[in-house]
Amino acid sequence: MEPAPPSDDDAVVDLVDVLLRDGAVLDADVVVTVAEIPLIGIKLRAAIAGMTTMTEYGLFEDWDERIREEQRQREARFDSER
Amino acid sequence: MSDADGPPGAGDAGDSTESGAETERASDGPDGRYLYCVVRRDDDAAARLDATGVGGASLSVVSTDRLSAVVHERTEPYESDAPDEVREWLYDHQDAVENVGEAFGTPVPFRFDTIVRGGDETIRGWLSANEETLSEALDSLAGRWEYRVEVEWDRDALAERVGDDDERLAELGEKLSDASEGTAFLVQKQYDKRLSTLIDRRRRGRSEELVAELESRTDDVRELGDAPQTPLTEAPTGPTARFAVLADESECDAVGEYLDTVADEDGASVRFTGPWPPYTFAPDALEPAEEVEQQTEERRDGTGPAE
């Protein structure tokens, strides 16, 4: 069998998986993004899995906010160590 | 989103660093680069490259003597909770890296939304500081691409197969047909439990076979766990095994041929996708780079608060 190309509908699950979970990562330090925590992926997954009710109830926002706070604290710690 | 700019209330110790960073930023202007991938420098390929990035951004190739990074100007991470929009971005990102790969050969791909603070000079500095590791990673990945394999077995077909040659299950089956209404419930539970164990064992066995077969045909194999991480399509209902393999063209053909023989065994359905840039294999190929990078950054940032 031939592999289905990444543009194929069949490959969309791998597309999200490889792009949001894998790939080389830079240090949180060099990078602007919220490293290691693909927030977009979480929102995307939630929406696509039909878990919109969870979003409506704000569960993901809370979670999102908590992850951001942790990241801020990590960054702050990193700064103060210098 | 202003969130990404600075940690509000990040702590007292951060204050001096904050203002220091602000000054630096002000003199450089707000600069950032969205990093797609790193490739071997090839000026002909760079001239040929005709591709756009996320949201249609125009790509630029930033080079040192031996390496190039493909980037576009961007200071903020992409953020959205609109699935269609995000999906488009992912496709844009993938298309960009694919086009770069076609022009330059297998790249070291970076994760979606990797944005570096600083401009082209920062990128060049980073490429130089990590030249050896990046070159080694490119060598180890050269000519090979990643393919994803997912095998899902039909639970009923598996159950039928494993039931045939297990004495314990046969015993429980007989017991069940003789059981009175009172004990049937309990025996049924034992039967189901035994069946689940057997199915799981079978799945693990088949999975191990798959790894061995894939390993014999490719450069590298990673098991990805049995549940898809992203329920974008319907989740598999049966026992599943997922792998990433690193393969060149002929190895890919060999995997395809092998997978033909897997399909239909135990009611297996197979999903085979690729070629992907080696997203799964790049982080390991780069492992030592991150340490170097951190040290470099620390040196670069040596103007921070007094220790």
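Readers should treat all values here as calculations from the given coordinates under stated rules, not as data from a laboratory. The structure presented is a predicted model; accordingly, all values stated were derived computationally and were not measured. Note that each Cβ is placed from the backbone with ideal geometry, even for glycine, and that neighbours are counted across all protein chains shown.
In this structure, the amide hydrogen of B:Ala268, modeled 1.01 Å from its nitrogen in the peptide plane, lies closer than 5 angstrom to those of B:Asp154, counting only residues at least 5 positions away or on a different chain.
Based on the Kirkwood radius over alpha-carbon pairs, what is the Stokes-Einstein translational diffusion coefficient of the range B:85-167 at 4 °C with 1.567 mPa s viscosity, in µm²/s? Can you show the working numbers first?
Details: Rh = 17.0 Å.
The Stokes-Einstein estimate is 76 µm²/s.
Using a 10 Å cut-off around each Cβ, can you sort B:Asp95, A:Asp22 from fewest to most neighbouring Cβ atoms? Before the final figure, lay out each step's value.
Numbers: B:Asp95 16, A:Asp22 26.
Arranged by neighbour count, lowest to highest, B:Asp95, A:Asp22 become B:Asp95, A:Asp22.
Value of Rg to Rh for the range B:112-207, rounded to two decimals, is 1.47; Kirkwood radius and Rg both from alpha-carbon coordinates. Scaling against 2.2 N^0.38 Å puts the C-alpha radius of gyration of the range B:22-139 at 1.06. Given their separation in residues at 0.36 nm each and the Cα-Cα distance between them, B:Ser216 and B:Asp156 gain 18.6 nm when the chain is fully extended.
Subtracting the Cα-Cα distance from 0.36 nm times the residue separation, let me have the gained length for B:Asp42 to B:Glu121 in nm, one decimal.
Here the answer is 26.6 nm.
Going from the fewest other Cβ atoms within 10 Å to the most, the residues B:Val211, B:Val149, A:Val12 appear in the order B:Val211, A:Val12, B:Val149. For B:Gly32, the residues whose amide H sits under 5 Å from its own are B:Arg74, B:Gly118, ignoring neighbours fewer than 5 places away on the same chain, with H placed 1.01 Å from N. Projecting label points 7 angstrom from Cα along Cα→Cβ for A:Asp8 and B:Glu265 puts them 2.1 nm apart. With q set to 0.09, 0.11, 0.13, 0.23 Å⁻¹, the log10 of I(q)/I(0) for the range B:146-276, from the Debye formula over equal scatterers at the Cα positions, is -0.34, -0.48, -0.61, -1.31.
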